[in-house]
Amino acid sequence: QASWLKPHCPQPRHSPRSALRIDLARAAEIAIAAMKGGKKDEQPQWDPAFEPVMKILLGKKGIKTKSASEVGKKKVDYFRGKDFKKFVLENPQLLKKKCQAALTAALGPDGDLPETEKDVEKIGDELISRNFCFKAVYKPINPTKDQADKPAKKWPDRLARTPNQRFDCEGFYVITYEGGGSMQHFMLALIISGVLLACMFPVWPMWAKVGIWYLSVIFLSLYFGVLILRMVVFTLFWIVGFDFWIFPNINDEYCGFLDSFRPVYSWEKRKDDAFMLLVRFSSLAMTAVAVKQIAETHSLADVQDFVTSSYTDILDWGVEKLTALPPVERQALPSLEELHNQTLDDHDHDEDLKADDPKVHAGEDDDDDAEATSLD
């Protein structure tokens, strides 16, 4: 058949805007398909034999970890090899009970308990080879020659990956194990909920606002009270030659919430020279004189009354600020006294008008009454 006999079917043409929409839709479909297909590949598959080891190490009764900055990357958590060695050698029965497969893979088919440093190194090498952690070294920002002579930091705040990935009990090991994602999703939901609640604070009920204010004042009072107490106690013990701190890690930014309260106290004897001994005795004398002078002019009851009244004033001030109306509404609503004064002014104004009207003095009706009579 001749081509000219075929019916002409024009191809549909898309405008540039519709073509752009189609391209964007296809790109979105490809991205979603890639995310669905690559999600399993991106998530690391942890070895089921050694995953219980990491769960025990990072559990409540596990080893101590701290945070540091990895060079060129974000903050990471890490542990020390000496702490790992101590934990493994002190808890062999726990490892045998929950990590028998890991002991078999690391120490041989018999799965003997770890007893020596070499056994610890074998377990550590297996964790490194399975990407549960990697070895790192301290990397200062501005390295100098003097730093080589100084002793190494117990807990460095800046780490970098080292080419030698053999486990060493004196090294530092960055944790790459992330565990399950359920806890992370739960924490993310809590953070989002907290942000939304904070943004909606103006529409909270009044009892919730007052309760948050009371809780904030109590928390700040406890925090600053602990700081003042630990400083006073430290000064008293420093005078007699000891460093005694209550909650020594409470202001350590590299400690977690629970680690900030551990240990409860630290005790260390000072090794001062003759000059520092003279300074301590002078401080003791000045402290004794100051306490004597304060005791002559004030009593403990006065201090207690001052603290109580100040605390009450702060609570009342916050409650008044929360319960007070905004300035615009406060101006729009007059008080009872203003309404009463306005009523009196209106009444006085009416009396003045009647007194100034000549018709009232002549005993005649005013215009308003006449107009009303004529209308009737």
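The values are calculated or read from the model by the stated rules, or taken from the named source; none is laboratory data. Small disclaimer: the values here were computed from a predicted structure and weren't measured. Cβ sites come from the backbone with ideal geometry, for glycine too, and all protein chains shown count toward neighbours. With ligands, DNA and RNA removed, areas are computed over all heavy atoms of the protein, side chains included. Shrake-Rupley method; radii C 1.70, N 1.55, O 1.52, S 1.80 Å.
What to note about this one:
- Converting phi to 3J(HN,Hα) with the Karplus coefficients 6.51, -1.76 and 1.60 and the offset θ = phi - 60°, the stretch 223-239 yields 5, 5, x, 5, 4, 5, 4, 5, 5, 5, 5, 4, 5, 5, 6, 5, 4 Hz in sequence order, with x at every glycine or proline.
- For PHE242, residues with placed amide H under 5 Å, excluding near neighbours: ARG270
- Oblate is the label for the stretch 245-301, because a/c, from the alpha-carbon gyration tensor with a ≥ b ≥ c as root eigenvalues, is 1.5 or above and a/b does not exceed b/c.
- Shape call, the stretch 202-321: gyration tensor on alpha carbons, a/c limit 1.5: oblate
- Accessible area in the full protein assembly, largest first, 1.4 Å probe, for TRP46, TRP245, TRP207: TRP207, TRP245, TRP46
- Pair GLU117, PHE201: separation of 7 Å Cα→Cβ label points (nm): 5.4 nm
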